[in-house]
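A.B. asks: I'd like to ask some things about the structure below.
Only the coordinates and a few stated rules stand behind these numbers; no lab work does. Note that the structure is predicted; figures quoted are calculated from it, not measured. Don't worry about glycine lacking a Cβ; one is built from the backbone with ideal geometry, like all the others, and counts go over all protein chains shown.
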Amino acid sequence: MKIGVLGGTFDPIHVGHLVIAEEVRVRLGLSRVLFVPARISPLKLARPLTAAEDRLRMLELAVASNPYFQVSRLDVDRPGPSYSVDTLRELRSQIGTETQVFFIVGADALVDLPNWRQPRSIIELCQVVGVSRPGFEGFDPATLDPLIPGASRKILLLDVPEIGISASAIRARISLGLSIRYLVPEAVERYIYEHALYDTRTAAEG
Ligand code: ATP
Ligand code: MG
């Protein structure tokens, strides 16, 4: 069996995440893709994340209509910062040795791989799948090799439909009062407004 793993902060989940997961699933014939929201991101300590339960709830709403997509509490339920190497080890101990794990990372994250915890172990624990992301073109995996020996041989690069959206941009749009319609699934948009997430204007007025 082959499964995909997409980690991230998903603050919030948007169509960019859904498109890359679906594209990789179909192209590689994965039987499911796990969306694994981080509890705390070691790489994003500057800004406090939205409560994990809100991010999980939005993920659940976003993947509900896709039978191949699942949300995992693996990172949220593990104390401390969420290191991918720990996620992959824990997942491996749960699923056994037979299942192949494809760890999906956007080009922006791939560039940063040497700064992650134990990158050499990461590339041993899974098949890394690097996907294209607008603004991060022309990355040569060979540049990783001096820092992570053998990395370029172990990374599969896939060109996926390019969606120029980030969660940061969505948060910024909300705080500016701009529309996020079609950038996130409708149910996620509703959840964001019902729970007044990311609206720094209401916070400033209150
Ligand atoms: P933020 O702006 O808060 O960092 P983000 O949009 O980058 O949010 P993350 O949760 O950081 O979302 O991303 C999770 C994973 O999805 C990362 O591997 C990232 O590279 C990838 N990803 C997110 N958005 C896209 C996109 N539009 N195209 C390709 N990959 C993406
Ligand atoms: Mg990001």
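A.B. asks: Does A172 satisfy the criteria of being over 18 Å from the mean Cα position of the chain (by Cα) and within 12 Å of ligand 1 (Cβ to nearest atom)? Show your work before the answer.
C.D. replies: Values: over 18 Å from the mean Cα position of the chain (by Cα): yes; within 12 Å of ligand 1 (Cβ to nearest atom): yes.
Yes; evaluated as a whole, the condition is true for this residue.
A.B. asks: If only one of L6, L28 is within 14 Å of ligand 1 (Cβ to nearest atom) and either in contact with a Phe, Trp or Tyr (Cβ under 8 Å, 6 or more places away or on another chain) or of a type outside the set (D, E, K, R) (or both), which one is it?
C.D. replies: Values: L28 fails: within 14 Å of ligand 1 (Cβ to nearest atom).
It is L6.
A.B. asks: Surrounded by 17 or more Cβ atoms within 10 Å (Cβ to Cβ) and out of contact with any helix residue (DSSP H, G or I) (no Cβ under 7 Å at 6 or more places or on another chain): which single residue out of A46, A64, A21 fits that description?
C.D. replies: Details: A46 fails: surrounded by 17 or more Cβ atoms within 10 Å (Cβ to Cβ); A64 fails: surrounded by 17 or more Cβ atoms within 10 Å (Cβ to Cβ).
That would be A21, the only listed residue that is surrounded by 17 or more Cβ atoms within 10 Å (Cβ to Cβ) and out of contact with any helix residue (DSSP H, G or I) (no Cβ under 7 Å at 6 or more places or on another chain).
A.B. asks: Still on this structure: Checking the structure you have, find out if any residue of segment 112-120 is within 16 Å of ligand 2 (Cβ to nearest atom) and of a type in the set (A, V, I, L, M, F, W, C).
C.D. replies: Within segment 112-120 (the criterion being within 16 Å of ligand 2 (Cβ to nearest atom) and of a type in the set (A, V, I, L, M, F, W, C)), the answer is yes, since at least one residue qualifies.
A.B. asks: Across segment 1-47, what is the total count of residues that are in a loop (DSSP other than H, G, I, E, B) and either away from ligand 2 (no atom under 16 Å from the Cβ) or touching a Gly at 6+ places or on another chain (Cβ under 8 Å) (or both)?
C.D. replies: Filtering segment 1-47 down to residues in a loop (DSSP other than H, G, I, E, B) leaves 1, 9-14, 29-31, 38-47.
Now narrow it down to the ones that are either away from ligand 2 (no atom under 16 Å from the Cβ) or touching a Gly at 6+ places or on another chain (Cβ under 8 Å) (or both): 1, 29-31, 38-40.
Summing the residues that are in a loop (DSSP other than H, G, I, E, B) and either away from ligand 2 (no atom under 16 Å from the Cβ) or touching a Gly at 6+ places or on another chain (Cβ under 8 Å) (or both) in segment 1-47 gives 7.
A.B. asks: To continue, here is another question. Assuming G150 fulfils every condition listed in (1) more than 16 Å from ligand 2 (Cβ to nearest atom); (2) buried (at least 17 other Cβ atoms within 10 Å of the Cβ) apart from one, which condition is it?
C.D. replies: It is condition (2) that G150 fails.
A.B. asks: With a cut-off of at least 3 residues that are within 19 Å of K154 (Cα to Cα) and either within 13 Å of ligand 1 (Cβ to nearest atom) or under 17 Å from the mean Cα position of the chain (by Cα) (or both), name the strands (runs of 3 or more DSSP E) lying wholly within segment 50-142. Break it down into steps so the answer makes sense when it comes.
C.D. replies: Details: elements: 69-71, 100-106, 127-131.
Output list reads 100-106, 127-131.
A.B. asks: Of the residues E162, E137, E189, E194, only one is within 21 Å of E22 (Cα to Cα) and either free of Cβ contacts under 8 Å to residues at least 24 places away in the same chain or in contact with a Leu (Cβ under 7 Å, 6 or more places away or on another chain) (or both); which? Steps first, answer last, please.
C.D. replies: Numbers: E162 fails: either free of Cβ contacts under 8 Å to residues at least 24 places away in the same chain or in contact with a Leu (Cβ under 7 Å, 6 or more places away or on another chain) (or both); E137 fails: either free of Cβ contacts under 8 Å to residues at least 24 places away in the same chain or in contact with a Leu (Cβ under 7 Å, 6 or more places away or on another chain) (or both); E194 fails: within 21 Å of E22 (Cα to Cα).
Residue meeting the stated conditions: E189.
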